[in-house]
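The values are calculated or read from the model by the stated rules, or taken from the named source; none is laboratory data. Only a predicted model underlies this, so the values are computations on that prediction, with no experimental measurement involved. Don't worry about glycine lacking a Cβ; one is built from the backbone with ideal geometry, like all the others, and counts go over all protein chains shown.
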Amino acid sequence: MKNYTLPRLDEDQQIRQRLLPHCRLAPGEIWIDPVRGHRIGCVDATDAGQIRKLMQGQQASLAVHDPPYNLVAFEKRSIGEFLHWCARWIETSSASLAPDSSLYVWLGADQNEDFQPLPEFILMMRDFKEFSSRSFITMRNQRGYGTQRNWMSVRQECLYYTKGNPVFFVQYTDIPKILRGYYKEINGKKTENMERSKSENIRPGNVWVDVQQVFYRMEENVNGCYAQKPIKAIERLIAASSRENDTVIDFFGHSGTTLVASDYMRRRCVICDIDPIYCEIMIRRLERLRTYGKTGWQNGNPFEKELHGVNLSG
Ligand SMILES: C[S@@+](CC[C@H](N)C(=O)[O-])C[C@H]1O[C@@H](n2cnc3c(N)ncnc32)[C@H](O)[C@@H]1O
């Protein structure tokens, strides 16, 4: 099996200089998908003017955001600066969301750094009175950090807020129900949860243990992306909180997971990333899905042609 791993494309300056001329979007530009009308912008999530231009007056019923977490791996700011920055993209999101809509934010709690920035972010969200807190999802990763001297950190957190009264569709996992019990009286008859339930399988609830973290042997893997979310996780949010033909926004697009899931789930996606290279990856990932039915580059990478002959081993 070939595995054309790329270095972090936001950091490796030599490769960036090689790839930038091949990127279709420069900062401030928008690409419109000729097939389903998705829009991809090379846009700063905090720039109200650019986001307005990207939205073109449309309102979304769902936002799925996965910002950089202020972890050491990303460009680190003080927690105050980070929160101020978050407040700015929450404002642009709020302006882009319909009166009845859902907002999901993936955000980590660094166990080596006072669990920041998750608690501060949660407190900050209380200032946005238009949003009500609804749930706090934890997704289990298969790999983690802090394995020898601590509990291995394998969790990813996702906060769920709503504005107004949006849709919510119940879903089930592939995991069969095995536990009996939870007796409840219905119409004078004592019933047990197996007979009451609508499905043979369990619901995901807000602790997800059935989602495989992306790694290089999966078809959806996008080499060159360092923070890709599994399609299954994003698909679940889209299925719960939107209808067909709704608009879904994601202001931190990166590998374009929300775009890919929106496309085959028949939603319109308006997505952006501040980095032209990730914008180009998103366009190519959508084109690849359309041409080959593939969701990623398990045995390759999005820039095989441009990087042909380049020594990527560092
Ligand atoms: C954690 S990744 C998102 C991963 C994504 N959910 C996926 O599945 O591929 C965060 C992305 O946000 C982008 N980003 C950082 N600051 C931004 C800003 N101000 N506006 C838009 N995008 C930004 C980064 O370039 C990076 O690609």
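Per-residue answers, yes or no, for (1) within 25 Å of the chain's Cα centre (by Cα); (2) aliphatic (A, V, I, L, M):
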site	(1), (2)
PRO166	yes, no
ILE175	yes, yes
ASN187	no, no
ARG196	no, no
- Note on the structure: Among residues of the range 56-82 being more than 20 Å from GLY164 (Cα to Cα) and at pLDDT 95 or above, the residue surrounded by the most Cβ atoms within 10 Å (Cβ to Cβ) is ASP66
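Within the range 277-299, can one find any residue that is in a helix (DSSP H, G or I), touching a Pro at 6+ places or on another chain (Cβ under 6 Å) and crowded, with 24+ Cβ neighbours inside 10 Å? Show your work before the answer.
Step one: filter the range 277-299 for residues in a helix (DSSP H, G or I), giving 277-292.
Then keep just the ones that are touching a Pro at 6+ places or on another chain (Cβ under 6 Å); that gives 281, 284.
Pick out the ones that are also crowded, with 24+ Cβ neighbours inside 10 Å and you get 281.
Yes, that holds for at least one residue.
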- Within the range 215-254, tally of residues that are more than 13 Å from the ligand (Cβ to nearest atom), part of a helix (DSSP H, G or I), out of contact with any Pro (no Cβ under 8 Å at 6 or more places or on another chain) and of a type outside the set (A, V, I, L, M, F, W, C): 0
- Go through the range 99-117 and count every residue that is without any contact (Cβ under 8 Å) to a residue 40 or more places away in the chain and under 28 Å from ARG203 (Cβ atoms). 1
- Counted residues, the range 202-214 - those being surrounded by 14 or more Cβ atoms within 10 Å (Cβ to Cβ) and in a strand (DSSP E or B): 1
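This table checks each residue for (1) in contact (Cβ under 8 Å) with a residue 12 or more places away in the chain; (2) under 30 Å from GLY300 (Cα atoms); (3) out of contact with any Leu (no Cβ under 8 Å at 6 or more places or on another chain).
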| position | (1), (2), (3) |
| --- | --- |
| ILE178 | no, no, yes |
| TYR183 | no, no, yes |
| THR191 | no, no, yes |
| SER197 | yes, no, yes |
| GLY205 | no, no, yes |
| MET218 | yes, yes, yes |
| GLY224 | yes, yes, no |
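Does the range 58-101 hold any residues that are in a loop (DSSP other than H, G, I, E, B) and closer than 16 Å to ASP250 by Cα, and which are they? If you could, list the steps in order and put the result at the bottom.
Taking the range 58-101 first, the residues in a loop (DSSP other than H, G, I, E, B) are 58-59, 66-78.
GLN58, GLN59, ASP66, PRO67, PRO68, TYR69, listed by residue number.
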- Query: Would a scan of the range 83-95 turn up a residue that is over 30 Å from ARG243 (Cβ atoms) and within 20 Å of the chain's Cα centre (by Cα)?
  - Reply: yes
- Task: Return the pairs, sorted by first residue and then second, in which the second residue is among the polar types (S, T, N, Q) and not in a loop (DSSP other than H, G, I, E, B), the first residue lies in the range 282-300 and is over 23 Å from VAL43 (Cα atoms), the beta carbons are less than 9 Å apart, and the residues are 6+ apart or on different chains.
- Result: THR295/THR257
- Please find, within the range 256-266, the residue that is farthest from the ligand (Cβ to nearest atom) out of those that are over 9 Å from the mean Cα position of the chain (by Cα) and part of a loop (DSSP other than H, G, I, E, B). ARG266
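Does the range 300-312 include one or more residues that are among the polar types (S, T, N, Q), out of contact with any helix residue (DSSP H, G or I) (no Cβ under 6 Å at 6 or more places or on another chain) and modelled with pLDDT under 95?
Just the residues of the range 300-312 that are among the polar types (S, T, N, Q), to begin with: 301, 311.
Retained after the next criterion (residues that are out of contact with any helix residue (DSSP H, G or I) (no Cβ under 6 Å at 6 or more places or on another chain)): 301, 311.
Filter once more, so that each one left must be modelled with pLDDT under 95: 301, 311.
Yes, the range 300-312 contains a residue that is among the polar types (S, T, N, Q), out of contact with any helix residue (DSSP H, G or I) (no Cβ under 6 Å at 6 or more places or on another chain) and modelled with pLDDT under 95.
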- Message: Being surrounded by fewer than 17 Cβ atoms within 10 Å (Cβ to Cβ) and of a type in the set (Val, Ile, Thr) narrows it down to one residue among ILE90, ILE137, ILE175; which is it?
- Response: ILE175
